[in-house]
1. Based on this model, can you work out whether B:Pro206 counts as within 14 Å of chain A (Cβ to nearest Cβ), within 25 Å of B:Lys13 (Cα to Cα) and not small (Gly, Ala, Ser)?
2. Residues that are of a type in the set (S, T, N, Q): which helices (runs of 4 or more DSSP H) entirely in region B:211-304 hold 2 or more of them?
3. Can you pull out every residue in region A:198-213 that is part of a loop (DSSP other than H, G, I, E, B) and of a type in the set (Val, Ile, Thr)?
4. Does region B:175-191 hold any residues that are assigned to a helix (DSSP H, G or I) and more than 14 Å from chain A (Cβ to nearest Cβ), and which are they?
5. With the requirement that a residue be more than 13 Å from chain B (Cβ to nearest Cβ), in a helix (DSSP H, G or I) and without any contact (Cβ under 8 Å) to a residue 40 or more places away in the chain, what does region A:140-197 give you?
6. Within region B:305-332, can you find the residues that are in contact with a helix residue (DSSP H, G or I) (Cβ under 9 Å, 6 or more places away or on another chain) and assigned to a helix (DSSP H, G or I)?
7. Would it be correct to say that B:Ala85 is touching a helix residue (DSSP H, G or I) at 6+ places or on another chain (Cβ under 6 Å), touching a residue at least 12 places away in the same chain (Cβ under 8 Å) and either facing chain A (nearest Cβ under 9 Å) or of a type in the set (Gly, Ala, Ser) (or both)?
Amino acid sequence: MSEPTLGLERAGLQDLYRSLCLTRAAEERLELLQKQGHVTGGLYRSLGQEAGAVGAAYALRRRADGTGDMLCHTIRAAGALFLFGGELIDYFRQYMAKGTSPTRGREANVHWFDFEKGFVGPVSPLGTMIEIMAGMTLSFRVRGEDRIGIVFYGDGASSTGAWHEGLNFAAVQRCPMILIVENNQWAFSTPTSKNTRVSSFTEKGPGYGIGAEAVDGTDVLAVFDAVRRAALQVRSGGGTHMIELNYFRRKGHAQHDPQDYVDPAVIRAWEKKDPLDLYRSRLLRNEWASEDELVAIEEETFEECRVAAEAAIAEPYPEGAEAVSGVYTDVHTPHPWTRSSSPDPTLA
Amino acid sequence: MDPETPEHLLKTKRREPVTMLEAISEALFEEMIRDESVFLMGEDIGVYGGAFKVTRDFLTFFGENRVIDTPIAEGGFTGAAAGAAHMGLRPVVEIQFMDFISPAYDVITNYIATSNYRGAGPQPLVIRGPVGGGNRGGPFHSQNVEMAFFHTPGLKIVYPSTARDAKGLLKASIRDDNPVIFEEHKGLYRAPSLREVLPDEDYIVPLGEARIVREGTDITIVTYGAMVHKSVEAAEMMETEDGVSVEVVDLRTLLPLDEDAIVESVKKTNKLLVVHEDTRTGGIAGEIAIRVSEKAFEWLDGPILRVTAIDAPVPYSGSLEDYFLPQTDDVLKAARYLAAY
């Protein structure tokens, strides 16, 4: 007998797999690009966490006209970004710091924005994004818009003052917002036990007067189900809600981190809970997809990433002198006088 | 039925003089009427009307979706304002005393100030509140905060010295698409000498433009905020007692700095004194001095001097605070030194 499909059709069930494969293929492509010297700055894998981002984003209203739900993703939630319409080629452009990237080379990796499509990239101090999403969803509530927001952050960001202040504000103002804590058990080299005394982040919810639920973050359908239920509640005026995704960061904080502070046996154990492997066998077992269909998805996503990355490689970096533009909407930032053709400080 | 405009916000309509505080209230009120995307957030601004009553009766008039009493968490609600600004609202955040802006330093400098540059779009928000000493407020109710933000590209910083400017500058700040730190000297809020009848029209004072408060030919004093009035007082004494003509330039906006106005005045008088109530090291006098050195070195006939508060936390006791703050007599002595140079 088949498992329940949570209202998803065959196409939807396969969509989820497609997003999982796309996330992993994109990151594996980045590893290759990094070895080739194309990636500017750090590269952060979400290996083992892909299902959290994909399941959650799939449960939301994704529209391209500024009327859908709002997402704030993280570096390990690229699957959500793609589901909200973030273009694969922009992802590679961002990682390569190209002048054609959405931030024109000003900002890194997934730190980009499209308010029409409904996603706001994070800044590096991630706790801040709780405050930002609180304000975004406050605007939905005061204007009576039928929209909600979802904000991802790690177990580490849960320790910041900004997290507390943003969450407290949202709870008091009954902002229609879902917090998703990606508990991958590590904040760089700091284990969760050194970030908090509670055994589950869901214990923090009641302290703010909001509901909280933990879910297996390697199970894409379980995450989809939890977020869908939370979204229903939040959308109908239930205020702010929290969901904890439990899984494990199977790679270092970034590629430069060999993660030698983690017991290899633990990593090997989590390899058996790989979200793509788990879901793939489930799709076959329940006959939600055939082997041929899955192979096609795997090959297509691989090829999409290859093509997008190749295209991005060919694109130019920004001109250095572009650095002066856009600090303000209306105030001109001067070029250094020493860079002018006839240097003279009185003419700067 | 719409609620009626509170009586105390109709003074300009009735052609009565207003204080700087009343001018600020009128600016907020009129902007909220003009543009329904403008809304207020801050501690005790609703039911109580704000610690200084700047938003008295606003809650009754505009309702709690536009006048939001917040938890005591400046970082949290300033960050929420930034999120709302992304969604097309124009938040005006009140920091109850600007000394308390420090918890919001992270979100202001890392998030808000960088937003446009990062491609996340403009941040049309105003963060306003009372600053300045002289009220025996002690270390945490007296600070000037401009230089904590002056070094952050992407922000604008405004610091009015009169009722007329306060109203026009605040309106311009609210309409500006960039984030603005708006400092209101609490010693000027209700100063009787600053009461004036404002134009009964929707005027703004553009950001980034200094004002010549008093023309002169021998010495330039560049200043802002409460020090404008002490500088003018000293300038008048120089005129009557010494026969020296002092020009006083009120910056009004610190960022962007009106370099042209400063340089033009220095080229006329050839001597420059900078006066600010903020502490000495890292004060704006340093930035002004280097700009004049770059642009008008040949015109200088004397050292660039400054009169400032001392490098200390703001002390509580009157005798200490009076010693801490720059006084008219300090300005006078510095101006006389320059005149004789």
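1. Details: within 14 Å of chain A (Cβ to nearest Cβ): yes; within 25 Å of B:Lys13 (Cα to Cα): yes; not small (Gly, Ala, Ser): yes.
Here the answer is yes, as B:Pro206 does meet what is asked.
2. The qualifying helices (runs of 4 or more DSSP H) are B:259-269.
3. Scanning region A:198-213 gives A:Val198, A:Ile210.
4. B:Lys186, B:Gly187, B:Leu188, B:Tyr189 - these are the residues of region B:175-191 that are assigned to a helix (DSSP H, G or I) and more than 14 Å from chain A (Cβ to nearest Cβ).
5. A:Ser159, A:Thr192, A:Ser193, A:Lys194
6. Matches in region B:305-332: B:Thr328, B:Asp329, B:Asp330, B:Val331, B:Leu332.
7. Numbers: touching a helix residue (DSSP H, G or I) at 6+ places or on another chain (Cβ under 6 Å): no; touching a residue at least 12 places away in the same chain (Cβ under 8 Å): yes; either facing chain A (nearest Cβ under 9 Å) or of a type in the set (Gly, Ala, Ser) (or both): yes.
In short, no.
Conditions tested, residue by residue: (1) assigned to a helix (DSSP H, G or I); (2) out of contact with any Phe, Trp or Tyr (no Cβ under 8 Å at 6 or more places or on another chain); (3) outside the structural domain of B:Phe77 (by TED's automatic domain parsing).
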| residue | (1), (2), (3) |
| --- | --- |
| B:Glu26 | yes, yes, no |
| B:Phe29 | yes, no, no |
| B:Met32 | yes, no, no |
| B:Met41 | no, no, no |
| B:Gly46 | no, no, no |
| B:Val54 | no, yes, no |
| B:Leu59 | yes, yes, no |
| B:Asn65 | no, no, no |
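The values are calculated or read from the model by the stated rules, or taken from the named source; none is laboratory data. Owing to the predicted nature of the structure, the values given are computational and were not obtained by experimental measurement. Using ideal geometry, Cβ is built from the backbone for each residue, glycine included, and neighbour counts are taken over all protein chains shown.
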